[in-house]
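The values are calculated or read from the model by the stated rules, or taken from the named source; none is laboratory data. Just so it is clear, the structure is predicted and the values come from calculations on it, not from any experiment. Neighbour counts run over all protein chains shown; Cβ positions are idealised from the backbone, glycine included.
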Amino acid sequence: MAVQIEKGEVLQKVSKIAITSALAVILGAIISGLLLLMIFKQMKQKERMLRQSNVQLTELKEAAETASRATSELLANTSHEIRTPLNAIVGLSFLMSQRAEQDPWNQEKLALIKDASTHLLSIINNILDIARIQSGKFQIEEVNFLLEDVLSKNVFNLVSGEAKRKGLEIISDIDASLISPLLGDPLRLAQVILNYLGNAIKFTEHGHITVRARPVEDGPSGLLIRFEVADTGIGLTQEQAQRIFEPFEQADGSTTRKHGGTGLGLAINRNIAKLMGGEVGVESIHGLGSSFWITLRVHRSAHGSGQYSGKFRLAHRRGRLRGGSPGTH
Ligand SMILES: Nc1ncnc2c1ncn2[C@@H]1O[C@H](COP(=O)(O)OP(=O)(O)O)[C@@H](O)[C@H]1O
Ligand SMILES: [Mg+2]
């Protein structure tokens, strides 16, 4: 009898334990189910938030791009509007200064107006170029040209007066293989060399400046020319050399106070090089001078050299411009 009672008790205990365990398992399952559900819900919510912020980000990016395009366009249009009257000021002050009966006081003031407006014009042209580059409207042309003509008319002629005033000698050293007619954008080419040369004159007080042109690649994909403008000027530290190709960067703050400028010339050169399949760079020793270089891709012209006098040009290949006296280049 006692054994039977014990058995019943044991059975009761066992079934209690079984039921409790089953309940615990079920409860556990329910709790983990609920937890999983909560995690799943949270994940869904996060995903929804992520998708929403992605949409917002895309909208913001589009808005920023539209704003930047609009700014560039506004800048391009405004610059154009400012350029027109400024051109009139430059032209008219030049014409007025030509009149013989002008007294010296008027002559001097007219020269100041001309210098100031020419300077302003070059700043506006630089801003206009950067705006055009940023809005993707900067065009590269393909026309026939002679490198030496372009360098002499659109580069050396424009800086010879200032070089002479500072007593600086400009040496042009063009490789003989670059004498023949080329196909490319002569005005952009002149612009980049002028940017380098203008800087070289600005930052050099004594010595000379050499403009070199050498072919680095001459094949079916075109002619890659390396131009180099080397000066004996103030030079740059390594830190300065690393950042000056960025827009609005100048080597040090005092530069703007002393020489003016906007810090856009080198940034424009870098962009033009990129558009013309090339690169830019500088090697410099602080206090001794700098050598700024740029590579540009052009083509050999299919028109041949018959129409140009190669002999005449070869004689002028290596020229010295002592202050750019006419006829030396
Ligand atoms: N030949 C050079 N020698 C020394 N510093 C130079 C030379 N060319 C450029 N730099 C430095 O790089 C800066 C940026 O030049 P650039 O972009 O042409 O602007 P900007 O001439 O308007 O100052 C100059 O302000 C100057 O500090
Ligand atoms: Mg400059």
Handout entry: Criterion violated by Glu6 - all others in (1) farther than 30 Å from Ala131 by Cα; (2) at pLDDT below 85; (3) under 60 Å from the mean Cα position of the chain (by Cα) satisfied
Key = (3)
Handout entry: the stretch 256-276 - residue that is surrounded by fewer than 19 Cβ atoms within 10 Å (Cβ to Cβ) and within 10 Å of ligand 2 (Cβ to nearest atom) and, of those, modelled with the highest pLDDT
Key = Gly263
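Just the residues that are within 20 Å of Gly167 (Cα to Cα), in contact with a strand residue (DSSP E or B) (Cβ under 8 Å, 6 or more places away or on another chain) and at pLDDT 60 or above, please, taken from the stretch 277-329.
Step one: of the stretch 277-329, the residues within 20 Å of Gly167 (Cα to Cα) are 287-291, 318-329.
Right, trim to in contact with a strand residue (DSSP E or B) (Cβ under 8 Å, 6 or more places away or on another chain) and you get 289-291, 318-324, 328-329.
Listed by number, the residues that qualify are Gly289, Ser290, Ser291, Arg320.
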Completion exercise
The residue from Glu73, Glu101 that alone is at pLDDT below 85, among the acidic types (Asp, Glu) and surrounded by 10 or more Cβ atoms within 10 Å (Cβ to Cβ) is Glu73
Problem - Options Ser93, Ser79, Ser72: the member that is more than 30 Å from Gly136 (Cα to Cα), assigned to a helix (DSSP H, G or I) and among the small types (Gly, Ala, Ser) - result: Ser93
Practice task
Filter the stretch 160-182 down to residues that are buried (at least 18 other Cβ atoms within 10 Å of the Cβ) and closer than 30 Å to His303 by Cα, then give me how many there are.
Solution key: 6
Exercise for the section: State which residue is farthest from ligand 2 (Cβ to nearest atom) when the search covers only the stretch 235-255 and only residues that are part of a helix (DSSP H, G or I) and among the charged types (D, E, K, R). Expected result: Glu239
Fill in the blank from the handout: Among residues of the stretch 217-234 being exposed (fewer than 11 other Cβ atoms within 10 Å of the Cβ) and outside any strand (DSSP E or B), the residue farthest from ligand 1 (Cβ to nearest atom) is Pro220
Fill in the blank from the handout: In the stretch 237-277, anything within 8 Å of ligand 1 (Cβ to nearest atom) and among the hydrophobic types (A, V, I, L, M, F, W, C) is listed as Ile244, Phe245, Ala251, Leu264, Leu266, Ala267, Ile268
